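Asks: Can you read through this structure? Questions will come right after.
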Amino acid sequence: MRIRVKFSKTGAMKYIGHLDVMRFFQKALRRADIPYALSGGFSPHMQMSFAAPLGVGKTTTGDYFDLDLSADMPAPEIGRRLNEQMTEGFSVLEVCEISEDKASKGMSQVAAADYTVFFADNEGFAEDCIRRYLDQPQILVMRKTKRREEMTDIRPWILSLSADEGAVHMRLSAGSVQNLKPELVVESLAEFTGKKISPFSFRINRDDILAAVKDGTGDRYVPLGAVGVHRV
Amino acid sequence: MRKLALDDEILLRVEKPERYIGGEWNAVMKQPDNKMIRIAMCFPDVYEIGMSHLGIQILYDMFNRFGDVWCERVYSPWKDLDGIMRERGIPLFALESQDPVKKFDFIGITIQYEMCYANILQILELSGVTLRAEERGEDEPLVIGGGPCVCNPEPIASFFDLFYIGEGEVVYDELLQLYRKHRADSSDSTSALMSAGIEQTAGAGGRWKWGRLAFLREAARIPGIYVPQFYDCSYNEDGTLSDFHPAEEGIPAAVSRQLVLDFDAAPYPEKPVVPFLKATQDRVTLEIQRGCIRGCRFCQAGMIYRPLREKHLQHLKDLAARMLSSTGYEEISLTSLSSSDYDELNELLEYLIGICKEKGINISLPSLRIDAFSLDVMSKVQDVKKSSLTFAPEAGTQRMRNVINKGLTEEDILSGAAEAFTGGWNKVKLYFMLGLPGETEDDIRGIARLCEKIAECYYDTVPKEKRHGKVAITASSSFFVPKPFTPFQWAPMNREEEFLDKAHTVLSEVRAQLNQKSIRYTWHEADVSVLEGVLARGDRRLADVIEHAYRHGALFDAWSEFFSGEIWQEAFAACGLDPYFYTARERSTEELLPWDFLDMGISKSFLIREWKRAQEGRVTPNCRQACGGCGCREYGGGVCFTSAGTESRVSSDDAGSGEGGRLS
């Protein structure tokens, strides 16, 4: 059996780095006595994969990991047990069973992510600013990859962008092929509108991680948690 | 939601913000009311090191069992945050409540190694606490120290209000009871002011009914509690101590070590705090016994934790299961001195293998004597191809090993190695010391020759077709630092250049061996070892040196990237003290030593006897073979009463009276 766990990480837990989040959940799974499956070898480990790592400093209300089990356990039971093992700031939101074939691995399904950016001054950006920003034929930014810095047009990767009081909502391409960081969009948006932004004047929450589902009209984005078999 | 002491901007600027946010699994949160006694338990090094320390976890658990006590944790802020806190005047805070430490009732500091002394001052200064105990105001926290280094507390004595000598599980109850009696009534206590968020003004209301000194005076009478400011000392012209005595009536002349006799009843953290960060010891730590029967003459721990006290097998099994399920760790390790001496080790390991296997939990073995049993266990819990064997011969020749009373013989090492090589191992680690008392050129070169013999043993034992490449021998030397309460407490210590010459002698001898390509040789820093030696056997005058060094940038001296020998040299010069006075001379057994007023259980006459036997190259049997008459039988428990050794003594003229030389 393979399960998909949706969790949130808020408050002080935003300072916990990705590797430590993994280690935290591994310990929580052992404390909760979840029948996790083990790999072979001399140091067997859990078969666990996170959909997308989240940088230190960001909160999330929609991150996911998949886990292989060695025995069946009802998804609600897993959720209940895990929530007894969470520190303040971590919470398990949803557990569902997913198919065990390769294609349904969380990481490979990731196509986009939703973010909300909150601004400390509560001002954010006006609606028409955002419209003009999006109307540009190209949005060139200097983007750092593992190997080099390069000018990249990020416009195609901004799937949606909107604003309300003090916050900006965005849906950005995510995953292993095209991954756009929300802070890059904030910086480029600020530059476009001439607004001064310091690195600590806004905070970012990941609202959900999405998979692309093909239908008649093209790609439709659905939360990773909606791809499962049994919802909780 | 908990409010953090540091804001976003700071936490995202510093390395590893997880060090400062608390909120870990099993961290204890309480609602402080005005009666709550607040304790900041501090390990003066970075979080990942401090969180790995068992002693703090034991005390944290013990204190938090009291309903009216909230014990929280404090570690040294790393250099980046240290700078920010100084620049912006941010006071040091405890991890759980994130409240400033300055308002706490106690700051407890565990002192595990000499190289953290500068960090003790960092903790006090960042907290806003006056460095010198005698100058501290009525309303400042009480600073209490404990841990192995306090068996010579003198170099840091003036920074502490109190020291707790011995094992923490014993008399803290009594100290807290005394504190409850002495502190001001709750209506105007610090806690009330604190929970109301009111800044306290000195003097008004205040912490005490009868003042800080009245409390300390009474505390000094509790066995095991040492209050340095109630003792005076004077010095001879040659710099040695001439006199050390209580400064007033009613203060005991000797302070005696406290120890646990009944471990089944003693507190042990069944729910240790589980850090988010990967700590240095990121696992369940199960202490299987305390003390050691071996009596290696260089080893302070082997002397000051006597007698050996084993925990019951069933108790350990229960603890192991409970701690694994309360933490979710993927690894458990056994800890103690000389773990192979634990009587029921086989049964314990079998039980652990049983409960850990199906859950994929690793067992990390302590260093065991290499024999058929330990090799069998090792092959069950580790990957033979990746793991290495560890031997600690400590010295290169049998003569030298007799001097230090290290029971391991060359034959033990070679037969153990042969057995291991047959079993598939081909990596060996060896630990040695250089600068041991009476060391000769032959002993020094003997290190390289022993490595060569082990290498040859591999090629003799394992036929060519069964070898997995070359044998890999890693030998490392540390420099011997004489420590208080060991038979070598009178011994001279080498200077830096002598140490380095010796290390180079070993290296050239290694290069002269047939199998030199299979042997890697490394050694420790010599200047750090010398400073450790000064602080280990120093006296009260060193407080000025420590403060001077701290004021000029000494911090995290245990970290080689931060240690600066120059800062310390300048500090010694500025204070007019010669570091080699403390290390390089051989002390007479007649000399009054700065730590002589402490009664650690082990008698001075025993130590003198052992010092003489060392000079004669005579070994002393371990506690199970024969009682050496060290004086610890007085405690009335442990190995002194459970083994055959209690029947025989090391011949009466030899052993003398175990009690002689005890001060109490």
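None of the figures in this text is laboratory data; all of them are computed from the coordinates on show. The shown structure was predicted, so the numbers you read here are calculated from the model rather than taken from an experiment. Virtual Cβ from ideal backbone geometry, glycine too; neighbours counted across all protein chains shown.
Asks: Mind checking which lysines have their C-alpha under 21 Å from B:Lys16, skipping anything on the same chain fewer than 8 residues away?
Replies: A:Lys9, A:Lys14, A:Lys27, A:Lys58, B:Lys3, B:Lys79, B:Lys278
Asks: Provide A:Ser70, B:Ser560, B:Ser603, B:Ser478 in ascending order of the number of other Cβ atoms located within 10 Å of each residue's Cβ, fewest first.
Replies: Working: A:Ser70 13, B:Ser560 10, B:Ser603 23, B:Ser478 16.
Placing the least packed residue first, the sequence is B:Ser560, A:Ser70, B:Ser478, B:Ser603.
Asks: Estimate the FRET efficiency between B:Lys357 and A:Val222 by the formula 1/(1 + (r/R0)^6), using the beta-carbon distance for r and 41 Å for R0, to the nearest 0.05. Let's see the in-between values first.
Replies: Working: r = 41 Å, r/R0 = 0.99.
According to the calculation, E is roughly 0.50.
Asks: If you don't mind, there's one more thing I want to ask. What dipole magnitude, in Debye to the nearest 20, does segment A:82-195 give about its Cα centre under +1 on Lys/Arg Cβ and -1 on Asp/Glu Cβ? Walk me through the numbers on the way to the answer.
Replies: Details: 13 positive and 20 negative charges, 159 e Å.
Rounded to the nearest 20 debye, it is 760 debye.
Asks: For segment B:260-272, just list the computed ³J(HN,Hα) in residue order, Karplus coefficients 6.51, -1.76 and 1.60, θ = phi - 60°, integers in Hz, with x standing in for Gly and Pro.
Replies: 8, 9, 10, 6, 5, 9, 6, x, 9, x, 6, 10, x
Asks: Through the Karplus equation 6.51 cos²θ - 1.76 cosθ + 1.60, θ set to phi - 60°, convert the phi angles of segment B:342-349 into ³J(HN,Hα) values in whole Hz; use x for Gly and Pro.
Replies: 5, 4, 10, 4, 4, 4, 4, 5
Asks: Using all Cα-Cα distances in segment A:54-212, what percent lands in each 10 angstrom bin from 0 up to the longest?
Replies: 9, 33, 32, 17, 8, 1
Asks: Related question: Need the list of aspartates and glutamates near B:Lys604 for cross-linking: C-alpha distance under 14 angstrom, and skip anything on the same chain fewer than eight residues off.
Replies: B:Glu590, B:Glu591, B:Asp596, B:Glu659
Asks: Can you give the translational diffusion coefficient of segment A:1-110 in µm²/s, computed by Stokes-Einstein from the Kirkwood radius over Cα pairs at 20 °C and 1.002 mPa s? Before the final figure, lay out the partial values.
Replies: Numbers: Rh = 14.2 Å.
In µm²/s, the coefficient rounds to 151.
Asks: A further question on this structure: Among B:Ile109, B:Ile165, which comes first, then next, by fewest other beta-carbon atoms within 10 Å? Before the final figure, lay out each step's value.
Replies: Working: B:Ile109 26, B:Ile165 23.
Final ranking by Cβ density, sparse to dense: B:Ile165, B:Ile109.
Asks: Taking K and R as +1 and D and E as -1, what net charge do the other residues with C-beta under 12 Å from the C-beta of B:Tyr431 add up to? Present the calculation step by step, with values, prior to reporting the outcome.
Replies: Working: positive: B:Lys406, B:Lys429; negative: B:Glu394.
Residues close to B:Tyr431 contribute a combined charge of +1.
Asks: Considering amide H positions built from the backbone, and no H for Pro or chain starts, which residues 5 or more places from B:Ile109, or on another chain, come under 5 Å of its amide H?
Replies: So B:Ile109 has HN proximity to B:Cys42, B:Ile144, B:Gly145, B:Gly146.
Asks: Find, among the GluC sites (Glu not before Pro) in segment B:602-635, those assigned to loop by DSSP (not H, G, I, E, B) with at most 12 other beta-carbon atoms within 10 angstrom.
Replies: Details: sites: B:Glu610, B:Glu616, B:Glu634; in loops: B:Glu616.
Loop-located and lightly packed - B:Glu616.
Asks: What does the net charge come to around B:Gly637 if you take all other residues with beta carbon closer than 12 Å to its beta carbon, with K and R at +1 and D and E at -1? Write down the numbers at each step before the final one.
Replies: Values: positive: B:Arg290, B:Arg306, B:Arg309, B:Arg633; negative: B:Asp262, B:Glu310, B:Glu634.
Taking every other residue near B:Gly637 into account, the sum is +1.
Asks: Which is farthest toward the positive dipole end of segment A:38-83 among A:Ala75, A:Pro53, A:Phe65, measuring Cα position about the Cα centre, with Cβ charges +1 (Lys, Arg) and -1 (Asp, Glu)?
Replies: Of the candidates, A:Pro53 comes out farthest on the positive side.
Asks: Follow-up question, since we're still on this one. Rule-of-thumb check for the protein assembly as shown: C-alpha Rg over 2.2 N^0.38 Å? It would help to have the intermediate numbers written out before the result.
Replies: Working: Rg = 30.8 Å, N = 896, 2.2 N^0.38 = 29.1 Å.
Compactness ratio reported: 1.06.
Asks: While we're here: When Lys and Arg each count +1 and Asp and Glu each count -1, what net charge do the other residues less than 11 Å away from B:Lys517, Cβ to Cβ, add up to? Working shown, then result.
Replies: Working: positive: B:Lys470, B:Arg511, B:Arg520; negative: none.
Here the count lands on +3.
Asks: Next question, about the same structure. Taking H as built 1.01 Å from N, whose amide H comes closer than 5 Å to the amide H of A:Phe90, not counting residues under 5 places away?
Replies: A:Thr10
Asks: Take every residue in peptide A:48-56, count the Cβ atoms of other chains within 10 Å of its Cβ, and give the average of those counts. Don't jump to the answer; show the numbers that get you there.
Replies: Details: counts 0, 0, 0, 0, 0, 0, 0, 1, 5.
Mean partner-chain Cβ count within 10 Å for A:48-56: 1.
Asks: Taking the Cα centre of segment B:338-459 as origin and charging only Cβ (+1 Lys, Arg; -1 Asp, Glu), how large is the dipole, in debye to the nearest 20?
Replies: Numbers: 14 positive and 20 negative charges, 104 e Å.
Here the size comes out at about 500 debye.
Asks: Moving on. Please work out the Cα center distance from segment B:571-640 to segment B:423-455, rounded to the nearest Å.
Replies: A separation of 26 Å, based on Cα centres.
Asks: No solvent, one uniform scatterer per C-alpha: report log10 I(q)/I(0) for segment A:18-80 via the Debye equation at q = 0.14, 0.28 1/Å, two decimals.
Replies: -0.46, -1.39
Asks: Right, here's the next one. Treating only the Cβ of Lys, Arg, Asp and Glu as charged (+1, +1, -1, -1), what charge dipole size does the protein assembly as shown show about its Cα centre? Round to the nearest 20 debye. It would help to have the intermediate numbers written out before the result.
Replies: Numbers: 107 positive and 131 negative charges, 452 e Å.
About 2180 debye.
Asks: In addition: First check a/c for segment B:236-383, with a ≥ b ≥ c the square roots of the eigenvalues of its C-alpha gyration tensor; if it is under 1.5, answer rounded, and if not, answer prolate when a/b is larger than b/c or oblate otherwise. Write down the numbers at each step before the final one.
Replies: Working: a/c = 2.39, a/b = 1.93, b/c = 1.24.
Judged from the Cα gyration tensor, segment B:236-383 comes out prolate (a/c at least 1.5, a/b above b/c).
Asks: I'd like the chymotrypsin sites (Phe, Trp or Tyr not before Pro) in segment A:1-95 restricted to DSSP loop residues with at most 12 other Cβ atoms within 10 Å, sorted by number. Don't skip to the end; give the middle numbers.
Replies: Values: sites: A:Phe7, A:Tyr15, A:Phe24, A:Phe25, A:Tyr36, A:Phe42, A:Phe50, A:Tyr64, A:Phe65, A:Phe90; in loops: A:Phe42.
Sites meeting the loop and neighbour criteria: A:Phe42.
Asks: Sticking with this one: Between B:Phe373 and A:Val213, what is the label-point separation in nm under the 7 Å Cα-to-beta-carbon projection?
Replies: 6.3 nm
Asks: Report the antiparallel proportion of the DSSP beta bridges in the protein assembly as shown as a percent, rounded to a multiple of 5. Walk me through the numbers on the way to the answer.
Replies: Details: 67 of 115 bridges.
Once the DSSP bridges in the protein assembly as shown are tallied, antiparallel ones form about 60 percent.
Asks: Would you calculate, for chain B, the mean residue ellipticity at 222 nm contributed by helices, counting each DSSP H stretch of 4 or more residues as -39,500 (n - 2.57) and dividing by all residues, to the nearest 500?
Replies: Numbers: 22 runs with 219 residues, N = 664.
For chain B, the value works out to -9500 deg cm²/dmol.
Asks: In addition: Just in segment B:4-39: which GluC sites (Glu not before Pro) are loop by DSSP and have at most 16 other Cβ atoms within 10 Å? Mind dumping the intermediate values first?
Replies: On the way: sites: B:Glu9, B:Glu15, B:Glu18, B:Glu24; in loops: B:Glu15, B:Glu24.
Taking segment B:4-39 and a limit of 16 other Cβ atoms within 10 Å, the loop GluC sites (Glu not before Pro) found are B:Glu15.
Asks: While we're on this one: For segment B:269-330 and segment B:509-559, what is the centre-to-centre distance using only Cα atoms, to the nearest Å?
Replies: Computed from Cα coordinates, the inter-centre distance equals 28 Å.
Asks: Going by amide H atoms built from the backbone, whose H comes under 5 Å of the H on A:Gly57, apart from near neighbours?
Replies: Amide H neighbours of A:Gly57, under 5 Å, 5+ apart: A:Tyr15, A:Ile16.
Asks: What's the exposure ranking of B:Ser333, B:Ser158, going from fewest to most Cβ atoms within 10 Å?
Replies: Values: B:Ser333 16, B:Ser158 20.
Taking fewest neighbouring Cβ atoms as first place, the list is B:Ser333, B:Ser158.
Asks: Using a 10 Å cut-off on Cβ to Cβ distances, tally the other chain neighbours for every residue of B:382-391 and report the average as a whole number.
Replies: Working: counts 2, 3, 1, 1, 2, 1, 0, 0, 0, 0.
Neighbouring Cβ atoms belonging to other protein chains average 1 per residue here.
Asks: Once phi is turned into ³J(HN,Hα) by the Karplus curve 6.51 cos²θ - 1.76 cosθ + 1.60 with θ = phi - 60°, what whole-Hz value does each residue of segment A:87-97 show in order, with x for glycine and proline?
Replies: 7, 4, x, 9, 8, 8, 9, 7, 10, 9, 8
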